[in-house]
Each structure stands twice: as structure tokens, then as C-alpha cells.
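Scroll down for the structure; my scribbles are underneath it.
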Amino acid sequence: MKISGFDYQRLEGAEGVALEVAVGGTGTPIVLLHGFPQTHLMWRDVARDLAADHTVICPDLRGYGDSDKPADGSYSKRLMAADIVAVAKALGHERFALAGHDRGALVAFRAGLDHPDTITHLACLDVLPTLDMWDSLHGVNAAVAFHLYLMALPAGLPEDLIAGNPDAFFGYFLDLWGKSPFPADVRAEYLRASRNAIPSIVADYRATAGIDIQHDQEDLAAGNQLQMPVTVLQQDWGAQLGFDAAALWRAWAPKLEHLTVDHGHFMAEEAPAEIAATLRSLLDR
């Protein structure tokens, strides 16, 4: 499936990895990064809204959708962020705003730290930074994030277990995390794309339990922060797991606007007009 009215290109990211990229609209650029277990299609309504006065760029992350899926485990958020910077540059944009949801938000976070002169504005939807995410998971309530631990295991068992019934695995999250069902064709597309990307999706998550932690620890030790305007939208997971999400984010982003929302995890699809309006407000800062 494609975003209607958008053009599709295959563009080179980092280290020769090719990404499938949808581009639409004209004006100042904003890149939108999808989450798990989805593709760029999750942004379809937000993207069409923003395309009225912005150039909107929606890639499939490496390892997802129709983008390349390197088999060598190269899924650090640093490399995935470099993909996005390279794709934007190939389209003629040396500087751009960046919004990410879920896994895409972790890529966006890393891009903001690694490329502060490139990312003009940053939005992260429904995640915590990697270090804070792991530190916030305690006791039986952490079972809500069982998939993080499963996919952190060494290669072999996670891939085999998920491959045994991929539609049940990926469909579990699509059904549990939202407050309204997906259109049947959209849900089927997410299942198809995820079914065809099991090793790379697991590798992406495995990196978040390894190399991504190292990179974040290095930035924390160096005192590096996100210097651009940052907007974070989240469900109130802190009420269940016992953390102050705004405080955790503020330690990384001094120019933070933190918003708690009542939508489900897939908020860009549940409330696209509201999410688009929030991104417009960020771009005005």
C-alpha cells in the first residue's frame, strides 16, 4: 500500500543500504519515521495534512517494509539515523525537522544527538529514551514490555519463536496497543511487512539492548543534550510503571514541550489531525 498523492523513490542511506521513501508536498522539509510493527504507511493521514505546506518525507526504516534488510545485524540507531540524514540530503535537504513514533522515535532521538546541526526540530511519540526505558521497567508491570526482553536474546530463539506464528505475534501488538481497530487492509499490510522482516526487526530490538545503550551512555557521560526544540507526546505509562516521563525527557531536552495524551499507542492513526497540528506547533517554535 502507498500514501496517495506521494511519489516513491528508492534512495541510498548509510553503507549502501537502500530505503523505500515516499515524498509529497512542497515547503520546508519534515521527515516522519514509523514504529513497530508498522511501515511508513502509519503516517498517511498526517503526511497528507502536512504536505499542504511542507515537503514531507516518509521512509521505511532499514529492516522494515520495502527497505533493505541487512543480514549482518547492523541496526544501531546511529546507523539508522545516518540512513535518514543521507536520504534527506539526497533529496536536497541539508536541514530538516524530524518526527518519529515508537522505534522511529528512538532513531529520531539518536539523529538529534548525532546531527544537531541537521535536525531543526524534533518530535518523539510514545517512547522513552533507551536508557530511561530500561531503567523504568520493574517487577511484574514490566511484563507489558515482554517483547523487549524476548528480542534482546542472542540470535536464534527469538526469530524461531516469532516465525512459528508471526501474524499472532505482530497482530497481538496491533490489537492491544490501539484504542480503535485498524482498517482491514492496513492491518493486513502491517502483518505482511512484518512477516517478511522477522530477522531484521529482531536485530533492531537487539541493538536497543546493546550498542544503543552504549551510545546513549556515552552521550549522557559527555553531557550531550538535544539542543533543538523538542515535543514529546506520550500515553501516561508513568502512572502504571512509576516514573515521571516529563522529567526523564527534560534531562535530555532542555527545550522540551511534553504532552500526555489519551489516545492509544498508534496516535498518528487514531488522531491524525491533532498530531499534525501538534507538529505544526513544533515547527513554529
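The values are calculated or read from the model by the stated rules, or taken from the named source; none is laboratory data. This is a predicted model, so every value here is computed, not measured. Cβ placement follows ideal geometry from the backbone for every residue including glycine, while neighbour counts extend to all protein chains displayed. Areas reflect the complete protein model, heavy atoms only, side chains present, ligands, DNA and RNA absent. Shrake-Rupley method; radii C 1.70, N 1.55, O 1.52, S 1.80 Å.
Taking all Cα pairs closer than 8 Å and separated by 6 or more residues, the relative contact order of the chain comes to 21 percent.
Stretching V140 away from A184 to a fully extended chain increases their span by 12.5 nm, per 0.36 nm per residue minus the current alpha-carbon distance. The Rg/Rh ratio of the range 7-150, with Rg taken over Cα atoms and Rh as the Kirkwood radius over Cα pairs, comes to 0.98. Taking H40, H101, H115 as the candidate residues, the one with maximal mean-square fluctuation in a Gaussian network model of the chain, Cα springs under 10 Å, is H115. In this calculation the C-beta distance from A90 to A52 is compared with R0 = 30 Å, giving a FRET efficiency of 0.80. Do you know the relative contact order of the range 1-73, to the nearest whole percent, from alpha carbon pairs under 8 angstrom that are 6+ apart? Computed over the range 1-73, the figure is 34 percent. Taking all Cα pairs closer than 8 Å and separated by 6 or more residues, the relative contact order of the range 1-142 comes to 23 percent.
In the context of the full protein assembly, R195 retains an accessible surface of approximately 100 Å², using a probe radius of 1.4 Å and ignoring ligands and nucleic acids.
Spherically averaged projected area of the convex hull of Cα atoms, the range 1-67: 4.2 nm².
At an R0 of 30 angstrom, the distance between the Cβ atoms of L157 and N196 translates into a FRET efficiency of 0.90. When the inverse distances between all different Cα atoms of the range 92-200 are averaged and flipped, the Kirkwood radius reads 16.2 angstrom.
For the chain, the Kirkwood hydrodynamic radius comes to 18.7 Å, computed from all pairs of different C-alpha atoms.
Between the range 50-114 and the range 227-252, what's the alpha-carbon centroid distance in Å? One Cα centre to the other: 22 Å. When restricted to Cα atoms, the range 164-259 yields an Rg and a Dmax of 17.4, 47 Å, respectively. Taking 19 Å as the straight-line reach from the Cα of K69, the lysines in range (excluding those fewer than 8 positions away in the same chain) are K77. Here the label points at L220 and D167, each 7 Å from Cα along the C-beta direction, are separated by 4.1 nm in the simple model.
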